[in-house]
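Everything on this sheet refers to the single structure shown next.
The values are calculated or read from the model by the stated rules, or taken from the named source; none is laboratory data. Because the structure is predicted, anything quoted here is derived from the model rather than measured. Note that each Cβ is placed from the backbone with ideal geometry, even for glycine, and that neighbours are counted across all protein chains shown.
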């Protein structure tokens, strides 16, 4: 009788030690799969939209990609007045209107140059052109410049975080 109780105790003790070891191993494996804190921090970029000047295209950086930020002028807004597809891409922060897009041509990934005198973008690689809203003006790009996920927080715009404005654009097919 005493032999069975000792054997039962040893079995239960071995099972408990094995269970604790298994849980510890799983926790350690999960931690190796999680992104590092530096990687998580690089996923979000906060832009203070009050610092941008009208008509001046600025290139920011997010996740290693160029991000075009253009505070639209009244002339650009007037050009877009009768173009619903351009208005759908408009990002309003406070009283200002912006074009924000990933600065890579959707044809082959070149970086288009902003032409201030024409208020458009030209990709020198294959001659593609985009409007000041990021829409295709001249082929070969298959679609307009992609708009990165963003969330508006007062006068700040957080790149990499999905806000209701970006989700509406995505749901309406304005961006991928």
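If we keep just the residues of region 143-154 that are touching a helix residue (DSSP H, G or I) at 6+ places or on another chain (Cβ under 7 Å) and assigned to a loop (DSSP other than H, G, I, E, B), which is farthest from residue 130 (Cα to Cα)?
149
Does at least one position in region 114-130 carry a residue that is within 21 Å of the chain's Cα centre (by Cα), modelled with pLDDT of 95 or more, crowded, with 21+ Cβ neighbours inside 10 Å and in a loop (DSSP other than H, G, I, E, B)?
Looking through region 114-130, none of the residues is within 21 Å of the chain's Cα centre (by Cα), modelled with pLDDT of 95 or more, crowded, with 21+ Cβ neighbours inside 10 Å and in a loop (DSSP other than H, G, I, E, B).
Looking only at region 40-71, how many residues end up being touching a residue at least 60 places away in the same chain (Cβ under 8 Å), part of a helix (DSSP H, G or I) and surrounded by fewer than 16 Cβ atoms within 10 Å (Cβ to Cβ)?
1
Exactly one condition in (1) surrounded by 13 or more Cβ atoms within 10 Å (Cβ to Cβ); (2) within 17 Å of the chain's Cα centre (by Cα); (3) at pLDDT below 95 is not met by residue 151; state its number.
All conditions are met except number (3).
Quick check on region 155-174: of everything there that is without any contact (Cβ under 8 Å) to a residue 40 or more places away in the chain and in a loop (DSSP other than H, G, I, E, B), which residue is farthest from residue 95 (Cα to Cα)?
Narrowing region 155-174 to residues without any contact (Cβ under 8 Å) to a residue 40 or more places away in the chain: 162-164, 166-168, 170-171, 173.
Filter again for in a loop (DSSP other than H, G, I, E, B), leaving 162-163, 173.
Details: 162: 21, 163: 18, 173: 25 Å.
Checked region 155-174; the qualifying residue farthest from residue 95 (Cα to Cα) is 173.
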